[in-house]
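Structure record follows, encoded as structure tokens.
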Amino acid sequence: MKTNTDKKQQHSLELSLLEDFNAELILSVSANLPSFKVAIADLIPILKYLKGQSPVKYEMLFDISAIDESERSDDGYCVFYHLISLTANRDICIRVYLKDDAQTIPSITSIWPSANWYEREIWDMFGLTFSDHPNLTRLLMPEYWQGHPLRKDYSFYATKMPPPFDLDSEDYANIMESYQIPDNRRPDEEDTMLLNIGPNHPGTHGIVRLMTKLRGETLLEITPEIGYHHRGVEKLAERHTYHNYIPYTDRVDYLGGVAGELPYLLAIEQLIGSHVPERATVIRVMLTEFFRLSSHLVWIGSFGHDLGAISPAFYCFKVREEIFDFIELVTGARMHPAFFRVGGVSQDMPDGWQVLAQKACDSMEQCLPELEKLTIKSLIFQNRTRDIGIISREQAIDWGFTGPNLRASGLAWDLRRTRPYCDYDTYDFNIPTAQHNDCFTRIDIRLQEITETLKIIRQAIARLTVMPIGPVQDMDCNDYAFPRKQNTLQDIETLIHHFIDTGRGLNMPKGETFFATETSKGMTGYHIFSEGKSSPYRLRVRTPSIPHFQSVKAVCEGEQIGNLVAYISSIDYVLSDLDR
């Protein structure tokens with residue numbers, strides 16, 4: 001709840017922006033994300049002011065992205081900067097508009113280093129240029145790619161596009177040559193070695209490439225290359241209906257399951273004003289927290305394996321299978337359920353669900369001491385992780401860290417507490433924090449989080465057990481949700497509407513909405529721009545893996561090569577979450 005002091009600070013900030021910087025308050029946007037339109041010339045001064053001088057200091061750059069406005073206005077392009085005040089717990093969005101791609105925007109990498117990849121992504125997807133950027137090259141698409149996929153004039157269909165090159169041409173040979181590590185060693189670096197790590201390497205957790213320069217075992221330079229797993233999920237949203245897009249949200253972080261569906265649906269429900277029934281909310285919490293356990297288990301097993309310990313993986317995956325047995329009983333799927341719906345969930349709990357839910361919790365509880373013995377209580381594991389990959393709180397904020405990677409630096413920032421959603425404020429659980437943010441601390445934090453997650457799940461089980469049977473979907477949002485399946489089997493009119501609505505989609509209200517939740521890896525946010533149609537005009541998904549993995553170069557240059565694998569394992573990223 002905002003205090004009078006908070007309101008005065010916010011009012012003072014708004015007055016300052018409007019008067020000193022001639023900012024224009026945009027009224028037609030999401031209520032939880034006040035947005036201001038500023039001139040390009042004022043962008044750097046206003047961002048510096050917001051970070052360090054304003055009454056409400058916005059320490060973290062959460063996201064930067066863009067919109068091609070050509071199909072709805074004459075504004076050309078909009079570039080928006082989403083900032084978060086961790087001390088005051090509020091957000092702000094600064095927007096600049098460009099008439100066309102001939103205009104340039106000043107890079108803000110000197111203010112926030114995390115802006116680097118976001119600006120490269122905008123150049124890659126929209127073709128907008130940032131002056132003074134240290135390396136404005138493609139990020140997700142290969143260098144030979146033609147065009148910028150998130151422009152409105154870019155085709156959705158590969159069949160309507162020419163092949164990027166002829167396999168027998170000289171261009172193809174040049175492209176293959178360009179994938180070699182460039183030998184930029186100076187004469188005094190004859191004793192160094194160039195080494196490719198990836199794209200196929202078990203220690204990189206997927207197809208990602210690290211081009212390194214070594215002197216002995218010391219990493220002198222690291223150049224990460226991502227995009228091998230890019231699927232264009234933001235472009236796909238523009239041609240899928242809001243409901244048909246739900247399965248894609250499971251696969252942004254393919255280990256997160258329904259936890260990836262939740263921020264997307266909460267954003268839509270915020271736009272339409274839906275009130276999710278209490279029973280559906282408890283089901284959402286329980287399933288989301290089970291997937292948090294599942295994700296942490298995969299990470300702990302993989303982390304141990306990366307450091308040479310095979311045993312943690314066996315323990316972790318055994319318990320994970322029991323969690324999946326429960327999830328399969330409830331949703332019909334194991335990893336990607338697509339179970340949540342606008343206004344609630346797909347269906348109520350099946351008979352006998354309590355037995356498998358309690359069994360999964362008991363197995364996790366019994367396994368936890370064994371995992372601790374194999375990891376944080378193991379002398380070998382401690383020697384491989386203590387004082388390695390240390391990140392200060394200031395660095396974590398500057399790089400846009402969220403989730404356990406931020407809380408390991410002492411900041412108790414967890415959206416389930418700081419901005420409660422799904423009635424998380426009614427559950428009894430703690431937010432583990434630590435001070436020494438190294439590889440060891442980051443696994444210790446997650447092991448503690450498993451205990452707190454079990455607390456939440458057991459409370460949700462208890463609530464559902466005594467709760468009277470009731471609706472699991474908001475019945476007052478019929479204009480934006482499909483009729484219940486059982487109703488379609490009772491009368492032909494409902495079946496016809498269901499058939500038509502499923503194919504054409506349901507038109508959502510015109511407007512803009514943003515919502516973020518606390519997933520296992522950090523804050524995942526969906527920013528949706530609606531023009532009143534059945535598909536979003538623009539959908540932006542901000543994932544935690546981008547800022548986390550972007551830090552690898554800054555943190556690991558100067559480290560031993562053996563510590564590189566320990567660091568990239570400890571930050572818990574997933575390639576689909578990184579590349580989208």
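The values are calculated or read from the model by the stated rules, or taken from the named source; none is laboratory data. Computed from a predicted structure; not experimentally measured. With ideal geometry, Cβ positions are generated from the backbone for all residues, glycine too; neighbour counts draw on all protein chains shown.
At a glance:
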| quantity | calculated |
| --- | --- |
| Conditions (1) modelled with pLDDT under 90; (2) more than 17 Å from Thr513 (Cβ to Cβ); (3) surrounded by 16 or more Cβ atoms within 10 Å (Cβ to Cβ); (4) aliphatic (A, V, I, L, M): number failed by Met193 | (3) |
| Matching option when the condition is farther than 17 Å from Ile456 by Cβ and not charged (D, E, K, R), among Leu379, Leu368, Leu293 | Leu379 |
| From Thr433, Thr418, Thr441, Thr488, residue being at pLDDT below 95, surrounded by 22 or more Cβ atoms within 10 Å (Cβ to Cβ) and not small (Gly, Ala, Ser) | Thr441 |
| Lone unmet requirement of (1) surrounded by fewer than 21 Cβ atoms within 10 Å (Cβ to Cβ); (2) of a type outside the set (Val, Ile, Thr); (3) not in a loop (DSSP other than H, G, I, E, B) for Met335 | (3) |
| Exclusive hit being farther than 30 Å from Ile431 by Cα and touching an Asp or Glu at 6+ places or on another chain (Cβ under 6 Å), set Leu495, Leu506, Leu539 | Leu539 |
| Breaking point among (1) modelled with pLDDT of 80 or more; (2) outside any helix (DSSP H, G or I), for Asn32 | (1) |
| Qualifying residue in the range 334-352 (condition: touching a Lys or Arg at 6+ places or on another chain (Cβ under 8 Å), assigned by TED's automatic domain parsing to the domain that holds Leu255 and farther than 20 Å from Ala280 by Cβ) | no |
| Number of positions in the range 94-140 that are within 18 Å of the chain's Cα centre (by Cα) and part of a strand (DSSP E or B) | 0 |
| Residue count for the range 143-173, restricted to those that are at pLDDT 85 or above and surrounded by 10 or more Cβ atoms within 10 Å (Cβ to Cβ) | 7 |
| Residue list for the range 98-113, restricted to those being surrounded by 18 or more Cβ atoms within 10 Å (Cβ to Cβ) and either of a type in the set (Ser, Thr, Tyr) or not assigned by TED's automatic domain parsing to the domain that holds Phe36 (or both) | Ser107, Thr109 |
| Condition met for Leu578 (assigned to a helix (DSSP H, G or I), hydrophobic (A, V, I, L, M, F, W, C) and either touching a His at 6+ places or on another chain (Cβ under 8 Å) or not assigned by TED's automatic domain parsing to the domain that holds Thr249 (or both)) | yes |
| Every residue from the range 202-234 that is closer than 14 Å to Val574 by Cα and of a type in the set (Gly, Ala, Ser) | Gly203, Gly206, Gly227 |
| For Leu379: the one exception among (1) crowded, with 22+ Cβ neighbours inside 10 Å; (2) over 15 Å from Tyr567 (Cα atoms) | (1) |
| Any hit, the range 523-538, residues being surrounded by 23 or more Cβ atoms within 10 Å (Cβ to Cβ) and at positive phi | no |
| Tally of residues being within 12 Å of Ile450 (Cβ to Cβ) and touching a residue at least 24 places away in the same chain (Cβ under 8 Å) across the range 364-374 | 6 |
| Within the range 529-552, tally of residues that are out of contact with any Lys or Arg (no Cβ under 8 Å at 6 or more places or on another chain) and of a type outside the set (Lys, Arg) | 8 |
| Every residue from the range 393-431 that is closer than 18 Å to Gln448 by Cβ, basic (Lys, Arg) and over 16 Å from the mean Cα position of the chain (by Cα) | Arg407, Arg417 |
| Candidate set from the range 477-525 (those that are in a loop (DSSP other than H, G, I, E, B) and in contact with a Phe, Trp or Tyr (Cβ under 9 Å, 6 or more places away or on another chain)); member that is nearest to Ser295 (Cα to Cα) | Ser520 |
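Residue by residue, here is whether (1) basic (Lys, Arg); (2) more than 23 Å from the chain's Cα centre (by Cα) holds:
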residue	(1), (2)
Ile46	no, yes
Lys51	yes, no
Gly76	no, yes
Phe80	no, no
Arg90	yes, no
